[in-house]
Structures are given as structure tokens and as C-alpha cells.
Amino acid sequence: MFIAMVGKPSAGKSTFFKAATLAEVDIANYPFTTIKPNTGVGFVKIKDAAKEFNKTANPREGFILGDYRFVPCDLIDVAGLVPGAHEGLGMGNQFLDDLRQADALVHVVDISGSTNEKGEPVDAGSHDPAKDIKFLEDELDLWYLGILKKGWEKFARTVVQTKGSIAAALGKQLSAFKVGEDMAKEVIKQLKLDPEKPNDWSEDQLLELAREFRRRTKPIVIAANKIDMGSGKENYERLKKEHAALIIVPCSAVSELALKEAAKAGNIDYIPGEKDFTIKGELNDKQKQGLEYIKENVLKTFGSTGVQDVLNAAVFDLLKYKAIHPGGVSKLEDSQGNVLPDCFLLPEKATALDFAFKLHTDFGKNFIKAIDVKTKLPIGKDHILKHLDVIEIKSNA
């Protein structure tokens, strides 16, 4: 699973990425600081399932802080997109291609309105961030449309002449975007397009087709960054009303980065996504002032810096994944004594059998049953698992 950071230049994408991963990336307030995509590991935050058994997990990957487990997920930070990116402006084609592998997008928006559409600095509040939301959606939709329309007339004519399935053909053509035949059938039906006459579909209908494919395969959460600056809070409240269907999270990436670096240096105790921190080291006056500003203007006002909330929203709200742990009814530890060392992020409708295959192909092929470790009750192969389940797999393997 890949989560991609997108947006115009200088909106704070690279700061967000570094805050989420603590990776070393170039950060500067001018367009196209990022040219090649940065990849790294971020973490989603869940309750430590071991606590229900009066234990603390020992993750093989990720880590534990307090009552929470942080589970790794892959992040990618691509260069800033500008209007006309789908036509190649600002190296747009290259940067859009970097997004093909992404399952969901985090659109980092300068909610303070202090950068224009090209990412150039302007007076705070002078640029409307609502335009950034629309521009990015338009660029992505037109990108999909451009790929959809490559040889469309010949493509559609061939499907009609051979009496083939337009849904199957679209699924094959757009497979790189994870559009399959079943999805294509659903979208064609939703848009009331005649599957027997694809060569009669209009330009507007093709755009709607491309837009719906994009919505389904590249869902977006908005990181309303620089929330503590200028008109940030006012713009956020307005956009929440104007775009009620979107997930918009108030965010201060620079604050999250400062808190994580302070925690790494041993100056504070801080759990990402929480509304407070505890000072434990010796700080100079500048450090104290910076931390006090974050506490008063970000944490107390918005409940967190928003970075962790954005990642959780992307994985659990947009993609609707769930965290599942392998464990045993009689023993939660592995051979080295580690408690619930593994945790897997699985799709919304994942079953016990899906989980068995995730653990090992042989477990899936030789599946007998599964046991819900919390209830100690057996479950069948078609049982849909729940978030934070602990499951024991029984097989002949």
C-alpha cells in the first residue's frame, strides 16, 4: 500500500513527509525543491491490542508508545504539481506517472493562502485554497482522461465490431490504475452509459468516466496545512462547509516535525496524534518559546498537529483498511517471547481465509478454521474480520 503526498509547490508536502517519516529530504520555500520522488515509511496509529490481554506488544516492525501501536505504511512525496501538469507543464507528466502506484493521496494544501497557484510566496490570505483543491482534482481527472482517450475511436470501434466487453477492455487498458472489469461495469452503469455503443460516448461522458475512475482509485484526504498561519483557521472552516463530502484535516506539519525532533533529542515525551507533550530535558529560551507556541496555537486549538490524523484518515477512512494480528488462544508470544509481534493492514472485506493466505500461501491452501483469540470462538473461512482482531489460523500446513 502506497500513500502519496501531492499538491502544488511550497504547500508543505516535503515538510509533511519529513514529519511523518523523519526522512532526510530537501525543504525550501520555492517551487520544485523536490524533483525525484522521495519514498519512506510512515505509521498509522492504532490501539495496542495486547493491552486487552494485560500485556504490551513487541512489534517486529513499527513501535509502541504508551497504549498505542504504530504500524508502518509506505509513503511517497512527489514534486509539486502546477496547473497544466497533465499537458507536461512543470515536468507534470513525470510527476503524475510517479502517482500510478499510489492507493490514496494526501493533498497538502496551504490553507493559509500564502502561496499562489504556482507555489510562489504571496501575502497570507491573498490566495484562495479552494482553488488548489479544484485544480488538483482537475489535473488528475484530465490525466486519466488523456490515458483513456489514447486511440479511443479505434479502441471503441474494435470492441463493437468484435462484440467484446467494453468493461473488460477498459479494465485491461487502465489496469495500471487498478481499474478492473468489475469496477468498469459499476461505473458504466452508474453513469448510465450504453455499453453496446461506446463509440457514441461524448467527450463530456468520457470525462465523467475518467473522473469516477480517478475518485475510486485515487481517493484524496486534504491536509489543511499551515493551519496556525494567517487566515488558516477561517479558510479551513469555510472549506469544510463548501466541500462537505471531502475529508479535510487541520494540520501543521512544521509543528509535528518540531515535536518529533524534540522527542528524538530526548527533550520531550510526545505521542504523535496527541494533544499534549511533556518537557523532560533542559531547553533554552528559544526552544521553550517554540514549544509553547505549538502547544497554545496548534495542540490546544485543534487537538493535535494533524499529521497523524491525516495518515490514519487515508488508511482507515479512505481505503477502509483494518489492522489484524496473528496470535494464539493459548499463547500470544512467538518463539522468541515477543507478544503479538506482527500486525497486517488488510482491505475492508478481508476474510479469515484472506488472512491465512496473507500469512502464508500454505496456510490458505490448507485452511481448516480460524479462532477469534479475544472470544476464543471458531470462525469460518468466509468470516469478515474486524479492526484490531487477533486471529489464530488452523491449517494442515
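Just so it is clear, none of the values below were taken in a lab; they were calculated from the coordinates. This is a predicted model, so every value here is computed, not measured. Cβ coordinates were reconstructed from backbone atoms using ideal geometry, including for glycine residues, and neighbour counts include every protein chain displayed.
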Among Trp143, Trp201, Trp152, which comes first, second and so on when ranked by fewest other beta-carbon atoms within 10 Å?
-> Trp152, Trp201, Trp143
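Please state, as a whole number in µm²/s, the translational diffusion coefficient that the Stokes-Einstein equation yields for the chain at 10 °C and 1.306 mPa s, with Rh defined as the Kirkwood radius across alpha carbon pairs. Write down the numbers at each step before the final one.
Values: Rh = 23.1 Å.
Rounded, D is 69 µm²/s.
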Amide H neighbours of Val6 under 5 Å, at least 5 residues apart or on other chains, H built in the peptide plane: list them.
-> Val106, His107, Val108
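Starting from the eigenvalues of the Cα gyration tensor, five times each then square-rooted, give me the equivalent ellipsoid semi-axes of region 143-215, largest first, whole Å. Walk me through the numbers before you get to the answer.
Details: eigenvalues 51, 33, 32 Å².
Square roots of five times the eigenvalues give 16, 13, 13 Å.
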Residue-ordered couplings for region 98-106, obtained by feeding phi - 60° into the Karplus form 6.51 cos²θ - 1.76 cosθ + 1.60 and rounding to whole Hz (Gly and Pro as x), are 5, 8, 4, 7, 6, 8, 8, 10, 9
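First measure r as the distance between the Cβ atoms of Glu237 and Lys51, then evaluate 1/(1 + (r/R0)^6) with R0 = 35 Å and state the FRET efficiency to the nearest 0.05. Don't skip to the end; give the middle numbers.
Values: r = 36 Å, r/R0 = 1.03.
That pair, Glu237 with Lys51, gives E of 0.45.
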Could you give P(r) for region 321-395, binned at 10 Å from zero, as whole percent values over all Cα-Cα pairs?
-> 22, 57, 21, 0
State the dimensionless ratio Rg/Rh of region 174-236 (Rg: radius of gyration of Cα atoms; Rh: Kirkwood radius).
-> 1.23
Enumerate the calculated ³J(HN,Hα) couplings along region 296-306 in order (Karplus 6.51 cos²θ - 1.76 cosθ + 1.60, θ = phi - 60°), each rounded to whole Hz, writing x wherever the residue is Gly or Pro.
-> 6, 9, 10, 5, 5, 7, 10, x, 5, 6, x
